[in-house]
Amino acid sequence: MANRRIRSHRSDQIPYEEMGLKQKDLVPIIGSKSKVSEVLNRKIGLSLTMISNLSAQLHIPLEVLVPKVSA
């Protein structure tokens, strides 16, 4: 299965600075320095794997990272 991306996330919902983290601290969670930069600059969306990793490792609720879908 392809690694689908969630395009409508808000990078300001990743409170890494408030947690005392730097962008480089997100590399093991998101995947690479360039991916971290692209996500935070909203050039790419979060993949399902990234969402899962952020939620599990930074204790961010999934509801914060996954956009609501209108019915």
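Starting from the 7 Å offset along Cα-to-Cβ, what nm value, one decimal, do you get for the label separation of Ala56 and Glu38?
2.2
What shape does segment 22-62 have by the C-alpha gyration tensor, where a ≥ b ≥ c are the square roots of the eigenvalues, rounded means a/c under 1.5, and otherwise prolate means a/b greater than b/c and oblate the rest?
Since a/c reaches 1.5 but b/c is at least a/b, the shape of segment 22-62 is classed as oblate.
With θ set to phi - 60°, apply the Karplus curve 6.51 cos²θ - 1.76 cosθ + 1.60 along segment 19-32 and write out the HN-Hα couplings as whole Hz, x wherever there is a Gly or Pro.
Rounded to whole hertz, the list is 8, x, 9, 10, 3, 5, 6, 7, 4, x, 8, 8, x, 7.
Can you tell me the order of 41-50, 14-23 when each peptide is scored by its average per-residue count of other Cβ atoms within 10 angstrom, highest first?
In decreasing order of mean packing, 41-50, 14-23 become 41-50, 14-23.
Relative to the present Cα-Cα distance, how much length would full extension add between Met19 and Glu63 at 0.36 nm per residue of separation?
So the chain would gain 14.0 nm between Met19 and Glu63.
Computed from the coordinates by the stated procedures, all read-outs in this text should not be read as laboratory data. Treat the numbers as computed from the prediction; the structure is a model and nothing was measured. Because the Cβ atoms are built from the backbone with ideal geometry, glycine has one as well, and the counts that use them run over all protein chains shown.
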